[in-house]
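So the structure is just underneath, and the comments pick up after that.
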Amino acid sequence: MNILFAASEMVPFCKTGGLADVIGALPPVLVRMGHEVSVMLPGYSIIDRKRFGFNKMRLKLQIPVGSDMKPLHISSVYWKGVTVYLLENGEYFDRGHLYGNTDGDYEDNGSRFIFFSRAVLEMAKRLENMPDVVHTHDWQAGLVTAYLATLYKNDRWFAGSAALFTIHNLGYQGVFPEENFTLTGLPREEFSWTKLEYWGDVSFIKGGIVYGDAVSTVSKKYSGEILGDDLGFGLQGVFGERRDDLYGIVNGIDHNEWNPSSDTSIPAQYSINDMPGKKRCRDALLETCGLKADKFTPVFGMVTRLDDQKGIDILESSVSRLAAMNLRLVILGTGTQEHHKTMKRLMLRYPKCINVMLRFDSD
């Protein structure tokens, strides 16, 4: 099959979370299974073209965003058997971050990813092979699926294309004011509560859920949880309508990359049959974090986005009991200023037990 991925991040080129890991790992596996795979990403200026060997393509297109036509330039690289395309536009992607900075999300994220979604399909029409599957991910690519089912429905290039939409993080939905709908160029009838409208706004993630031939999430359990009020994030009714087309598929792991017996980025290698190296890694981590512990002290690590969806609120409410157990807790996380303040308060309160390494980011 010919499979086209559309996503907003991908390891090793650009990353804020687990989405990037999946897009970096799954396409090469599909190539090894005999499929032809390409990935389209926003052409962020922070991606190091020279380092990764991207080359400018001669092709130049004009992409409609509302009544304006925006220039599209393309760079590409052949990476692990996958053709990766950067869809470039300086106005939208010449930024210091992917989605926002410490002040919050970029105000024009709606138009940025309207441009990206339309550019994916316009670029796809210039490729040699028609895609059998268009696999889109999270709200940033949700409109690709909506476009396929509407404006491009009768386009012969996508006549045999199936659309799969995968949700990695339902907490971020790409909800923008109604005026952004006009920028999409979609027929007005698509702005209804059964389609893209969401409480008077336009929801990009609904574009993937409503219009996809199938919808998948990152585990079978989670695919059931989002049907309920607690984890449906206001979209449980929409998922209920797609119940028969909703699947949970557990994210895999690259055993070659995440292998402590061959990993050169850790202080010492180890395996189940050769464990001394693990102690050296433990000791190095504690030293780096300025924490002291004897060999009997439990050490816990947490790598996560700092928000309540990941259990930070639960951690905060129980940290006093954890500290009383004489354990050590090391957290590596990204998040908002507010969550960073929370983590810093915990560090100051329990300096002998907790160390948090923080980085500002935004989704």
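Can you give me the number of residues within region 2-24 that are open to solvent by 30 Å² or more (accessible area, probe 1.4 Å), modelled with pLDDT of 95 or more and not β-branched (V, I, T)?
Initial filter on region 2-24 (open to solvent by 30 Å² or more (accessible area, probe 1.4 Å)): 11-12, 15, 18, 21.
Retained after the next criterion (residues that are modelled with pLDDT of 95 or more): 11-12.
If we keep only those that are not β-branched (V, I, T) as well, we get 12.
Qualifying residue count for the region: 1.
Give me the strands (runs of 3 or more DSSP E) completely within region 37-88, filtered to those with at least 3 residues that are β-branched (V, I, T), ordered by residue number.
Numbers: elements: 55-65, 68-79, 82-88.
Strands (runs of 3 or more DSSP E) meeting the threshold: 82-88.
The set of residues from region 253-310 being among the polar types (S, T, N, Q) and in contact with a Lys or Arg (Cβ under 7 Å, 6 or more places away or on another chain) comprises T297, T304.
Considering D245, D230, which residue is open to solvent by 80 Å² or more (accessible area, probe 1.4 Å) and over 30 Å from A324 (Cα atoms)? Walk me through how you get there before you give the answer.
Numbers: D245 fails: open to solvent by 80 Å² or more (accessible area, probe 1.4 Å).
Criteria check complete, one pass: D230.
Applying the criterion of being touching a residue at least 40 places away in the same chain (Cβ under 8 Å) and within 23 Å of the chain's Cα centre (by Cα) to the residues of region 62-78, the residue that is nearest to M33 (Cα to Cα) is I74. Here is the figure for region 25-52: residues that are closer than 24 Å to E128 by Cα, in contact (Cβ under 8 Å) with a residue 40 or more places away in the chain and either open to solvent by 50 Å² or more (accessible area, probe 1.4 Å) or more than 18 Å from the chain's Cα centre (by Cα) (or both) total 7. Among the residues making up region 112-153, those that are in a strand (DSSP E or B) and buried (at least 22 other Cβ atoms within 10 Å of the Cβ) are V134, H135, T136, H137. Residues that are outside any loop (DSSP other than H, G, I, E, B) and among the small types (G, A, S) within region 12-36 comprise G18, A20, G24, A25, listed in sequence order. For region 70-87, residues that are more than 14 Å from S8 (Cβ to Cβ) and either buried (at least 20 other Cβ atoms within 10 Å of the Cβ) or at pLDDT below 95 (or both) total 3. When region 100-111 is filtered for residues that are at pLDDT 95 or above and not in a helix (DSSP H, G or I), the ones remaining, listed by number, are Y106, E107, D108. Determine the pairs where a residue that is under 17 Å from W139 (Cα atoms), located within region 184-198, has a partner that is among the basic types (K, R) and surrounded by 12 or more Cβ atoms within 10 Å (Cβ to Cβ) with Cβ atoms under 6 Å apart, the partner being 6 or more residues away or on another chain. Once the first residue is under 17 Å from W139 (Cα atoms) and sits in region 184-198, its partners that are among the basic types (K, R) and surrounded by 12 or more Cβ atoms within 10 Å (Cβ to Cβ) give L196/K206.
Quick check on my filter: what residues within region 250-299 are touching a Phe, Trp or Tyr at 6+ places or on another chain (Cβ under 6 Å) and under 30 Å from N169 (Cβ atoms)?
Residues of region 250-299 touching a Phe, Trp or Tyr at 6+ places or on another chain (Cβ under 6 Å): 260, 277-278.
Hit for region 250-299 is P260, nothing else.
Pick from K153, K206: which is touching a helix residue (DSSP H, G or I) at 6+ places or on another chain (Cβ under 8 Å) and of a type in the set (D, E, K, R)? Result: K206 is the single residue among K153, K206 that is touching a helix residue (DSSP H, G or I) at 6+ places or on another chain (Cβ under 8 Å) and of a type in the set (D, E, K, R).
The values are calculated or read from the model by the stated rules, or taken from the named source; none is laboratory data. Keep in mind the model is a prediction, meaning the values are calculated, not measured. Neighbour counts run over all protein chains shown; Cβ positions are idealised from the backbone, glycine included. Surface areas here come from the heavy atoms of the whole protein model, side chains and all, with no ligands, DNA or RNA. Shrake-Rupley method; radii C 1.70, N 1.55, O 1.52, S 1.80 Å.
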